[in-house]
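Sharing a structure below in structure tokens format, with a few things to ask.
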Amino acid sequence: MSEARVNHPGLIVPVGHVEPVPRRIRGTVDGRTVLDTRNALYVWEWPGYPQYSIPLRDVAEGALTDEGRTGKLSPGPARRHALHAGSQVREAAAWVWEEGAPERLLGTARFRWDAIDAWYEEDEQVFVHPRSPYTRVDALRSSSGVRVEVDGVVLADAPHAVLLFETGLPTRYYVERPYVDWTVLEPADTVTACPYKGTTTGYWSFTSRTATHADIAWSYDFPTPQVASIAGMVAFYNEQVDLSVDGAFVPRPVPVSRDAWQRAHER
């Protein structure tokens with residue numbers, strides 16, 4: 001097994017970084033528009049991607065009510081608010097920034113993503129989280145051979161692949177399905193989504209003699225147009241497999257941790 005290491009460029013945006021959003025941002029709850037602004041801000045609560053912070057003047061009148069709780073988010077202190085839209089009440093839906101947070105955030109609110117039914121940039125719906133203006137995703141065809149093994153069992157052996165490069169994440173190697181050994185993989189019900197690639201249409205697990213490796217591979221049958229070349233292909237988590245490219249082993253990458261960011265949003 002190869003030693004884990006970082007073999008891709010790291011994230012460069014510091015926590016607490018704030019930038020203007022040059023797009024109209026709207027949010028709806030139960031079909032009602034609860035926020036509509038051309039003056040949103042990006043705020044990074046972890047280096048991976050930003051959240052929107054919305055000027056309070058661009059939130060529907062009376063939509064936010066103070067819940068009487070102040071918390072310390074990564075960029076600074078904020079006061080928790082509930083969101084009201086018609087008969088809908090979403091508790092812990094927004095944090096209104098207080099003194100001690102970056103000055104540009106004062107007078108704005110960062111909404112919990114799932115407290116809003118649908119987010120829009122201009123007239124296009126945005127899924128999972130805001131797209132980072134500093135993230136680039138490239139899918140490049142490669143004539144390099146890719147071999148994937150786990151516990152000595154070959155899961156895939158392909159003469160070529162599509163390599164997907166995404167800012168701050170390990171390179172992913174997508175191979176065509178005829179080069180995957182489907183006799184050793186088990187379908188899983190898992191579905192994940194990515195604002196840059198779309199929604200997965202398949203996940204697979206592998207059980208070796210010693211362990212079960214859940215959700216070790218995935219596929220996008222209908223990816224976004226920007227990465228259309230990975231459609232129908234299969235990728236494996238480099239962090240969980242022994243992968244070689246043109247016969248040379250690729251060290252397992254160190255996973256990007258989101259634990260701290262997730263804990264902050266579960267409060």
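What shape does the chain take by its C-alpha gyration tensor, where a ≥ b ≥ c are the square roots of the eigenvalues and a/c under 1.5 counts as rounded, a/b above b/c as prolate, and the rest as oblate?
Working: a/c = 2.30, a/b = 2.14, b/c = 1.07.
It comes out prolate by the Cα gyration axes.
Let a ≥ b ≥ c be the square roots of the eigenvalues of the Cα gyration tensor of segment 18-132; is it rounded (a/c under 1.5), or, if not, prolate (a/b larger than b/c) or oblate? Intermediate results must be reported in sequence, preceding the final value.
Working: a/c = 1.60, a/b = 1.07, b/c = 1.49.
Because a/c hits 1.5 or more and a/b fails to exceed b/c, segment 18-132 counts as oblate.
Could you state the number of Å between the C-alpha centres of segment 172-224 and segment 41-84?
36
Here's something else I'd like to know. Evaluate the relative contact order of segment 18-132 (contact order divided by residue number), counting alpha-carbon pairs under 8 angstrom at least 6 apart; express in whole percent. Don't skip to the end; give the middle numbers.
On the way: 261 pairs, mean separation 30.6, N = 115.
Result for segment 18-132 is 27 percent.
Give me the number: length gained by fully extending TRP182 to ASP117, i.e. 0.36 nm times residue separation minus the C-alpha to C-alpha distance, one decimal in nm. Show your work: numbers first, answer last.
Working: separation 65, 0.36 × 65 = 23.40 nm, distance 3.77 nm.
Net length gain for the segment: 19.6 nm.
Let me ask something else about it. Is segment 137-261 best put as rounded, prolate or oblate by its Cα gyration tensor, with a ≥ b ≥ c the root eigenvalues, rounded for a/c under 1.5, and otherwise prolate when a/b is larger than b/c, oblate when not? Don't skip to the end; give the middle numbers.
Numbers: a/c = 1.29, a/b = 1.15, b/c = 1.12.
Cα axes put segment 137-261 in the rounded bin.
Of the options PHE165, LEU11, VAL150, report the single residue whose Cα projects farthest towards the positive end of the charge dipole of the chain (beta-carbon charges: Lys, Arg +1; Asp, Glu -1).
The listed residue farthest towards the positive side: LEU11.
Given the chain, what percent of its DSSP beta bridges are antiparallel, to the nearest 5?
Values: 77 of 79 bridges.
Among the beta bridges of the chain, antiparallel pairing accounts for roughly 95 percent.
On to the next question. Taking the Cα centre of the chain as origin and charging only Cβ (+1 Lys, Arg; -1 Asp, Glu), how large is the dipole, in debye to the nearest 20? Walk me through the numbers before you get to the answer.
Values: 27 positive and 35 negative charges, 117 e Å.
With only Lys, Arg, Asp and Glu charged at Cβ, the dipole is about 560 debye.
Compare the peptides 29-37, 94-102 by average per-residue count of other Cβ atoms within 10 angstrom and give them in order, highest first. Intermediate values should be presented prior to the final figure.
Working: 29-37: 17.7, 94-102: 19.8.
By packing density, highest mean first, the sequence is 94-102, 29-37.
Throughout, read-outs are computed from the coordinates displayed, never taken from laboratory work. Everything numeric in this text was worked out from a predicted model, so none of it was measured. Backbone-built Cβ (ideal geometry, glycine too); neighbour counts: all protein chains shown.
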